[in-house]
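Scroll down for the structure; my scribbles are underneath it.
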Amino acid sequence: MTAGYGGGDILHELDLSVEEGGITCIVGPNGAGKSTVLRVVSGLLRPRLGTIRFRGAAIAGLSPRAILQRGIVQVPQERSLFPTMTVWENVRMGAYTVHDSAVIERRLQQVCETFSIVRERRHEPAASLSGGQQKIVEFARALMLEPALLILDEPSMGLDPKTRTTVFDTIRAMNQAGRTILLVEQNARSGLGLASHGVVMESGRIRLEGPGPTVLNNPEIGRLYLGATA
Ligand SMILES: Nc1ncnc2c1ncn2[C@@H]1O[C@H](COP(=O)(O)OP(=O)(O)O)[C@@H](O)[C@H]1O
Ligand SMILES: [Mg+2]
């Protein structure tokens, strides 16, 4: 698949597969095209050439809403909760394409069981939560659609190390509960450490890919992205 914005191509004949049931993690420097890959998958950007297949069906060119309805849900890089609405209202809003109120109630109960922060802070405005707590609530909101593919763009950005660990633990738990995850991470070590499949992108191309730990232990990648070997 080839894609870009106005002036030129950003992604050059990129060929990427996301294994069902796994965590696929894309790492790479700023500007490599990681978010652009996610935008193409979620329908915000149409590829110039090539196809995107989801469970066998071509989805390139469908509207973001149509793609959402197939179960591909993205948590964006920037904060995206409505700050003055309560935690509960934000989470409930995740199910805006669901019209069966019994289904909504059941899912609300499930996310409350999974995420204590949703249960404990449900009546407070989203803006009163820390950055890491807000990210967890964004995950909870995304799960209201029971996504077949959950896309996370740099979920650990701007968080302190302890909160980051909580966010990564939550990603692992969502995967163990059956969610297929496509993750973009600046924090290459943590992202690849979690990943069943790791992808290193550079200048709109895949530079290296393989099982997460293999990519993590690649000496060249270690030198380029992970700093001095630990
Ligand atoms: N809306 C846009 N319009 C034009 N160029 C863009 C737009 N968004 C991103 N780009 C460019 O595309 C390239 C890849 O960006 P992006 O996918 O956001 O990289 P990454 O997520 O890996 O940091 C960058 O050179 C960036 O400047
Ligand atoms: Mg990005």
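Bridges between two residues of the chain, per DSSP, are antiparallel at a rate of about 40%. Along the stretch 182-196 the Karplus relation, 6.51 cos²θ - 1.76 cosθ + 1.60 evaluated at θ = phi - 60°, assigns HN-Hα couplings of 10, 10, 10, 9, 6, 7, 4, 4, 5, x, 5, x, 8, 8, 6 Hz to successive residues, with x for each Gly and Pro. Assuming charge only on the beta carbon of Lys and Arg (+1) and of Asp and Glu (-1), the dipole of the stretch 1-99 about its Cα centre is about 280 debye to the nearest 20. A simple charge model with +1 on the Cβ of Lys and Arg, -1 on the Cβ of Asp and Glu and nothing else charged puts the dipole of the chain at about 200 debye relative to its Cα centre.
Stretching the chain fully between ALA58 and SER203 yields a gain of 49.6 nm (0.36 nm per residue, less the alpha carbon separation). The helix-based estimate of mean residue ellipticity at 222 nm for the chain, built from -39,500 (n - 2.57) per DSSP H run of four or more residues and divided by its residue count, is -10500 deg cm²/dmol to the nearest 500.
Subtracting the Cα-Cα distance of ALA66 and ARG119 from their residue separation scaled by 0.36 nm leaves 16.0 nm. With contacts taken as Cα pairs under 8 Å and at least 6 residues apart, the chain reaches a relative contact order of 29 percent. Computed from the C-beta positions of ASP169 and GLU20, the FRET efficiency with R₀ = 25 Å rounds to 0.65.
Values quoted throughout were computed directly from the atomic coordinates according to the rules given, and no laboratory measurement underlies them. No experiment lies behind these values; they were computed from the predicted model shown. Methodologically, a virtual Cβ is constructed for each residue, glycine included, from the backbone with ideal geometry; neighbour enumeration extends over all protein chains shown.
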